[in-house]
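A short worksheet on the structure shown next.
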Amino acid sequence: MFEAHSINAEHKDLIHDVAYDYYGQRMATCSSDQSVKVWDQDDQKNWNLSANWKAHSGSVWKVTWAHPEFGQVLATCSFDRTAAIWEEIIGETPPQGERSLKTWIRRTNLVDSRTSVTDVKFGPKSLGLQLATCSTDGVVRIYEAPDVMNLSQWTLQYEINCKLPCSCLTWNHSFSRLHPPMIAVGSDDPSPSNGSKVAIYEYSENSRRWAKTESLASIGVTEPVHDIAFAPNLGRSYHLLAIATKDVRIVTLGPPTEGSSQRFDVQLTAQPEDNLSGTVWRVSWNILGTILASSGDDGCVRLWKANYMNSWKCISILRGDGTQAKSDTSVTNMPTMGQIAAPNQSSTTRYYKLGSITNPNQVQKGLAPIPISKWQPIGRFQRMTWIGSDFTSYGSPPPLEKSAKALCGKT
């Protein structure tokens, strides 16, 4: 069961991105009307507009929050070929009953790109205050704020030439020191002849540079990629990467097999056979990396979760009006663990009271307790069957009671 709330954002054009802060209590939206809006959630779970300003001179494609350790900081990117850093300044407390509009100040403009900047993401907080941008010129740029108390100064640390127009990127937020910094980049290049549209880059401490380590060519992502997201890694030995293209694809990047020259053992763990949602535009993980949400052309949000065989399936389809659509039949017809373990048994479970222990002396030391009776009628013809535990340690099951013999029609 879930609830759906509509918010009249009052943007004058198409909304391109919605981003929640670290605690999920603040929300930022950006639009082709060149503006950014920030919303705060009150105690009644209502969203109230707290700030609204013109951020760029072109369509604003993406907005993202920095970790709260660095304050209330936003980053945006736009068609006007720039990315911007914004910081919130709290003004005077308004009179009681009035709502204050908080002020956001542009701390810096990043103007290194010569084409539209299509995505912007803050790096893991363990790396300090770093920001990655990608643009249609095929270059990923990584910036760093040397002094987190002075957000007006950002230095361009690295430039990665991806050789394809970039549409989206994601950092790998891993808590393990064994995993080097990693970025995945997606391209919306429409030509399938240009090969894979996803590339993985890792930072090497030895060479102090970013290098391409995987192209995911083995899984054949040749369609335009609209969004990409690493799952939060809280201790897994492998990485999970969600890709939004003509459908949802979830890729596992595991340790390489012995003797392999590849950096990762790449496995495709989810690719729907039927394209029910049309083109997929956004993918987003929960904080544990166990559930994936995706949205597509059909206006629905689909939730994906791995089953006991580590196969990702759609578990729910949510509509914007608050109703739940019927899930895919391939999910509802999936066998349960009990059905697989005992395929010939009935799915109905029966529980019988087999007796009670009133005195501790009834339990033999070193042996499981023997109940009063485990002869029970089983099946259509009430045949008496021993349903107790393995009786090999006791020699044989106890004799059938007289009443039970009469029930079976035996003398």
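Quick check on this structure: which one of PHE70, PHE2, PHE79 is among the aromatic types (Phe, Trp, Tyr), surrounded by fewer than 20 Cβ atoms within 10 Å (Cβ to Cβ), at negative phi and free of Cβ contacts under 8 Å to residues at least 40 places away in the same chain?
Unique residue meeting the criteria: PHE79.
Restricting attention to the range 50-67, which residues are open to solvent by less than 10 Å² (accessible area, probe 1.4 Å), in a strand (DSSP E or B) and hydrophobic (A, V, I, L, M, F, W, C)?
Hits for the range 50-67 are ALA51, VAL60, VAL63.
Given the conditions (1) in a loop (DSSP other than H, G, I, E, B); (2) out of contact with any Phe, Trp or Tyr (no Cβ under 8 Å at 6 or more places or on another chain); (3) over 19 Å from VAL140 (Cα atoms); (4) of a type outside the set (A, V, I, L, M, F, W, C), and given that GLY235 satisfies all but one, which numbered condition is not satisfied?
GLY235 satisfies every listed condition except (2).
Please find, within the range 191-211, the residue that is farthest from PRO124 (Cα to Cα) out of those that are open to solvent by less than 80 Å² (accessible area, probe 1.4 Å) and assigned to a loop (DSSP other than H, G, I, E, B).
SER191
So, of the residues in the range 1-42 that are of a type in the set (Asp, Glu) and modelled with pLDDT of 90 or more, which turns out to be nearest to THR76 (Cα to Cα)?
ASP17
Restricted to the range 296-311, and to residues that are in contact with a Ser or Thr (Cβ under 8 Å, 6 or more places away or on another chain) and of a type outside the set (A, V, I, L, M, F, W, C), which residue is surrounded by the most Cβ atoms within 10 Å (Cβ to Cβ)?
So in the range 296-311, the residues in contact with a Ser or Thr (Cβ under 8 Å, 6 or more places away or on another chain) come out as 296-298, 300-306, 310-311.
With the extra rule that they be of a type outside the set (A, V, I, L, M, F, W, C), the set shrinks to 296-298, 302, 305, 310-311.
Values: GLY296: 21, ASP297: 11, ASP298: 15, ARG302: 24, LYS305: 14, ASN310: 10, SER311: 11.
By that ranking, first place goes to ARG302.
Quick one: how many residues across the range 10-31 are small (Gly, Ala, Ser) and surrounded by fewer than 17 Cβ atoms within 10 Å (Cβ to Cβ)?
1
Is it the case, given these coordinates, that VAL185 is under 22 Å from THR118 (Cβ atoms), assigned to a loop (DSSP other than H, G, I, E, B) and open to solvent by less than 30 Å² (accessible area, probe 1.4 Å)?
Spelling it out, it is not the case that VAL185 is under 22 Å from THR118 (Cβ atoms), assigned to a loop (DSSP other than H, G, I, E, B) and open to solvent by less than 30 Å² (accessible area, probe 1.4 Å).
Quick one: ASP40 ticks every box in (1) over 20 Å from ALA84 (Cβ atoms); (2) of a type outside the set (A, V, I, L, M, F, W, C); (3) in a loop (DSSP other than H, G, I, E, B) bar one, so which box is it?
Among (1) over 20 Å from ALA84 (Cβ atoms); (2) of a type outside the set (A, V, I, L, M, F, W, C); (3) in a loop (DSSP other than H, G, I, E, B), ASP40 violates only (3).
For the range 116-174, name all the residues that are closer than 23 Å to GLU69 by Cβ, in a loop (DSSP other than H, G, I, E, B), open to solvent by less than 50 Å² (accessible area, probe 1.4 Å) and of a type in the set (A, V, I, L, M, F, W, C).
LEU129, ALA145, LEU151, TRP154
Might you check whether a residue that is open to solvent by 10 Å² or more (accessible area, probe 1.4 Å), touching a Pro at 6+ places or on another chain (Cβ under 7 Å) and not in a loop (DSSP other than H, G, I, E, B) occurs anywhere in the range 212-221?
Scanning the range 212-221 turns up no residue that is open to solvent by 10 Å² or more (accessible area, probe 1.4 Å), touching a Pro at 6+ places or on another chain (Cβ under 7 Å) and not in a loop (DSSP other than H, G, I, E, B).
For the range 119-170, enumerate the residues that are more than 20 Å from GLN72 (Cβ to Cβ) and among the aromatic types (Phe, Trp, Tyr).
Within the range 119-170, just TYR158 meets the criteria.
Out of the range 15-36, which residues are without any contact (Cβ under 8 Å) to a residue 40 or more places away in the chain, in a loop (DSSP other than H, G, I, E, B) and under 19 Å from LYS62 (Cβ atoms)?
Residues satisfying the conditions are GLY24, SER32, ASP33.
Just one of GLU98, GLU87 is modelled with pLDDT under 95 and open to solvent by 40 Å² or more (accessible area, probe 1.4 Å); which is it?
Going through GLU98, GLU87 in turn, the sole match is GLU98.
Counting just the residues of the range 165-188 that are modelled with pLDDT of 90 or more and not hydrophobic (A, V, I, L, M, F, W, C), which one comes out nearest to ALA132 (Cα to Cα)?
This residue is THR170.
Could you check how many residues of the range 68-88 are in a loop (DSSP other than H, G, I, E, B) and either in contact with a helix residue (DSSP H, G or I) (Cβ under 6 Å, 6 or more places away or on another chain) or over 12 Å from THR108 (Cβ atoms) (or both)?
Total satisfying the criteria: 5.
Going by the conditions given, is ARG236 modelled with pLDDT under 90, within 18 Å of the chain's Cα centre (by Cα) and open to solvent by 30 Å² or more (accessible area, probe 1.4 Å)? Break it down stepwise before answering.
Details: modelled with pLDDT under 90: yes; within 18 Å of the chain's Cα centre (by Cα): yes; open to solvent by 30 Å² or more (accessible area, probe 1.4 Å): yes.
For ARG236, the condition - modelled with pLDDT under 90, within 18 Å of the chain's Cα centre (by Cα) and open to solvent by 30 Å² or more (accessible area, probe 1.4 Å) - is met.
The values are calculated or read from the model by the stated rules, or taken from the named source; none is laboratory data. Everything numeric in this text was worked out from a predicted model, so none of it was measured. Note that we place each Cβ from the backbone using ideal geometry, even for glycine, and neighbour counts take in every protein chain shown. Only protein heavy atoms, including side chains, enter the accessible area calculation; ligands, DNA and RNA are left aside. Shrake-Rupley method; radii C 1.70, N 1.55, O 1.52, S 1.80 Å.
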